[in-house]
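Here is the structure we will look at.
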Amino acid sequence: MTDTAPPDFVVAIPARYASTRLPGKPLRLIAGEPMIVHVARRAREAGAREVVVATDDARIADALAPLGVTVCMTSSDHASGTDRLAETAAQRGWSDDTLVVNLQGDEPLAPPAAIRAAVDALIASGAPIATLAQPISGTDELFDPNCVKLVRDAQGIALYFSRAPIPWHRDAFARDRVTLPAGPWLRHIGLYVYRVGALREFARMPPGALEQVEALEQLRALEAGWRIAVALSPVPFPAGVDTEEDLARVERVMRDG
């Protein structure tokens with residue numbers, strides 16, 4: 001049997017210092033280290049040949065210096081992390097065929113196995129974008145607009161993303177919303193893999209109508225007719241950090257091992 005070489009990919013981590021709900025979020029300490037350090041370490045553990053943090057704040061660059069992570073200083077005018085990554089790709093001179101993972105800077109518990117699964121999904125599908133999902137655990141999560149839901153086809157290609165509960169169980173939800181019947185409900189995990197050529201093109205596209213209604217950037221790609229491959233995370237993918245309560249939760253996870 002011939003061993004298959006692991007896929008060659010890079011990870012880019014957009015990290016803004018400003019945050020409405022959690023000021024200075026990338027530098028908030030978890031287990032004695034800034035959150036952005038934990039995220040970069042997870043990216044390295046996934047097997048990326050290069051890990052780059054894209055930021056507009058020198059304090060974040062300073063925090064990463066002891067880890068030896070490459071930092072790209074990017075414009076403070078970017079509307080999204082995707083735009084910041086497109087600038088990073090240009091600065092780094094990545095070719096159009098380079099596989100780049102967009103790992104959010106507030107995901108200190110991102111499982112390396114899940115990062116690799118998203119890369120594998122992009123390669124296997126031939127789609128320009130790949131992402132992740134995992135089963136929804138309960139009705140509260142399904143009806144939470146901050147939890148993005150998705151549906152996909154039999155080949156694992158995304159059909160739609162929404163903040164609303166999709167698919168809508170006509171009979172069960174007409175009766176009550178307390179018990180979640182067995183079904184294909186999936187939570188979107190906001191990690192993306194692109195070929196750099198697709199990333200550049202996506203960043204140049206104007207926002208779509210669906211994107212503006214749902215405030216979901218990935219709908220721009222679907223509305224343009226792009227395929228988005230969706231892999232199920234092979235391991236549980238904990239929620240990221242947006243609040244003080246989230247920080248405390250991640251601290252407990254790391255403390256308890």
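Residue ranges 29-36, 127-134 sort as 127-134, 29-36 when ordered by packing (mean number of other C-beta atoms within 10 Å per residue, highest first).
Computed with every protein chain present, the accessible area of Val235 is close to 50 Å² [probe 1.4 Å]. Using a cutoff of 8 angstrom between alpha carbon atoms and counting only pairs six or more residues apart, the relative contact order for the range 188-257 works out to 16 percent.
Only protein heavy atoms count here; on that basis, with a 1.4 Å probe, Val213 has an accessible area of about 120 Å².
Overall, the chain carries a charge dipole of about 180 debye about its Cα centre when +1 sits on the Cβ of Lys and Arg and -1 on the Cβ of Asp and Glu, all other atoms neutral. Think of the chain as a dipole: +1 on every Lys or Arg Cβ, -1 on every Asp or Glu Cβ, centred on the Cα centre; then among Ala65, Pro108, Ala79, Pro108 lies furthest on the positive end. Averaged over its residues, the chain has an accessible area of 47 Å² per residue, based on protein heavy atoms and a 1.4 Å probe.
Mean sequence separation of contacting Cα pairs (under 8 Å, at least six apart), scaled by the length of the chain, corresponds to a relative contact order of 23 percent. Counting protein heavy atoms only, the chain has 52 percent of its accessible area on carbon and sulfur, 1.4 angstrom probe. Counted over the chain, the DSSP beta bridges are approximately 55% antiparallel.
Rounded to the nearest 500, what is the chain's calculated 222 nm mean residue ellipticity when only DSSP H runs of at least 4 contribute -39500 (n - 2.57) each, over all residues?
For the chain, the value works out to -9500 deg cm²/dmol.
Simple rule: put +1 on each Lys or Arg Cβ and -1 on each Asp or Glu Cβ in the chain, find the dipole, and look at Pro34, Val230, Ala203; the Cα lying farthest toward the positive end is Val230.
The values are calculated or read from the model by the stated rules, or taken from the named source; none is laboratory data. Just so you know, these numbers come straight off a predicted model, no measurement behind them. Note: ideal-geometry Cβ built from the backbone for every residue, glycine included; neighbour counts use all protein chains shown. Remember, those area values only see protein heavy atoms, side chains included, never the ligands or the DNA or RNA. Shrake-Rupley method; radii C 1.70, N 1.55, O 1.52, S 1.80 Å.
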